[in-house]
Amino acid sequence: MDYYNTIAASYNELHGEEQVKKAKAILQYLKVIKTDKLLDVGCGTGIATSLFDCEKTGIDPSAELVKQCSFKAIVGKAEELPFPDKSFDIVLCMTAIHHCDVDKALAEIKRVAKRDVVITVLKKLKNADELIHKIRKMFTVVNEVEEEKDVVVIAH
């Protein structure tokens, strides 16, 4: 996480446009209501999450990125989510799953998700197909959309 702590001040400039574009694409396929509780796993600065009109919580291992979030966000790992079972209507993980122990992170995401799970996988990853296969195995996929750089998997 040293990399993300180092680039934190310029993260939005480097990755913000791409993250916002992904969030807008997700919002085309996902129904979000104001009373929903959303967890963003690997939230970064929260630039994309801020587009979701609901109660938001973020978790990211980079303290410097978390400091920039405009909503409640904590420093932590996807493999050890410090939340009760089924505590979020929506769990979002955009372009972050490949930074984790995938099996542990997916199990934790499944544990805390009450309804919808959205995970994006970078198409250029060498193991992208393997990651998508693991997501399909762990969840009931309701939609899979190929965006410019990512595969967006929406599941329950």
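The values are calculated or read from the model by the stated rules, or taken from the named source; none is laboratory data. Everything numeric in this text was worked out from a predicted model, so none of it was measured. Glycine also receives a Cβ, built like all others from the backbone with ideal geometry; neighbour counts cover every protein chain displayed.
Just wondering, is there one or more residues in segment 96-106 that are modelled with pLDDT under 95, assigned to a strand (DSSP E or B) and not aliphatic (A, V, I, L, M)? No: zero hits.
Considering segment 90-123 alone, what residues qualify as being more than 19 Å from Ile47 (Cβ to Cβ) and hydrophobic (A, V, I, L, M, F, W, C)? Let's see the steps before the verdict.
Keep residues of segment 90-123 that are more than 19 Å from Ile47 (Cβ to Cβ), which gives 98, 100-117, 121, 123.
Cys100, Val102, Ala105, Leu106, Ala107, Ile109, Val112, Ala113, Val117, Val121 - these are the residues of segment 90-123 that are more than 19 Å from Ile47 (Cβ to Cβ) and hydrophobic (A, V, I, L, M, F, W, C).
Evaluation of Arg115 against the conditions (1) charged (D, E, K, R); (2) within 20 Å of Val20 (Cβ to Cβ); (3) assigned to a strand (DSSP E or B) shows that the sole unmet condition is (2).
Checking each residue in segment 82-95 for being under 13 Å from the mean Cα position of the chain (by Cα) and surrounded by fewer than 22 Cβ atoms within 10 Å (Cβ to Cβ) picks out only Thr95. Here Ile97 clears all of (1) under 23 Å from Asp2 (Cα atoms); (2) touching a residue at least 60 places away in the same chain (Cβ under 8 Å) except the condition numbered (2). Under the condition of being crowded, with 22+ Cβ neighbours inside 10 Å and out of contact with any Cys (no Cβ under 9 Å at 6 or more places or on another chain), the residues counted in segment 42-80 number 2.
Surrounded by 20 or more Cβ atoms within 10 Å (Cβ to Cβ), within 23 Å of Val151 (Cβ to Cβ) and of a type in the set (D, E, K, R), is that true of Lys22? It is true that Lys22 is surrounded by 20 or more Cβ atoms within 10 Å (Cβ to Cβ), within 23 Å of Val151 (Cβ to Cβ) and of a type in the set (D, E, K, R). Note on segment 1-80: enclosed strands (runs of 3 or more DSSP E) holding 1 or more residues that are under 14 Å from the mean Cα position of the chain (by Cα) and farther than 20 Å from Ala155 by Cβ are 55-60, 72-75.
Would you confirm whether any residue within segment 102-124 is farther than 23 Å from Lys56 by Cβ and without any contact (Cβ under 8 Å) to a residue 24 or more places away in the chain? No, every residue in segment 102-124 fails to be farther than 23 Å from Lys56 by Cβ and without any contact (Cβ under 8 Å) to a residue 24 or more places away in the chain.
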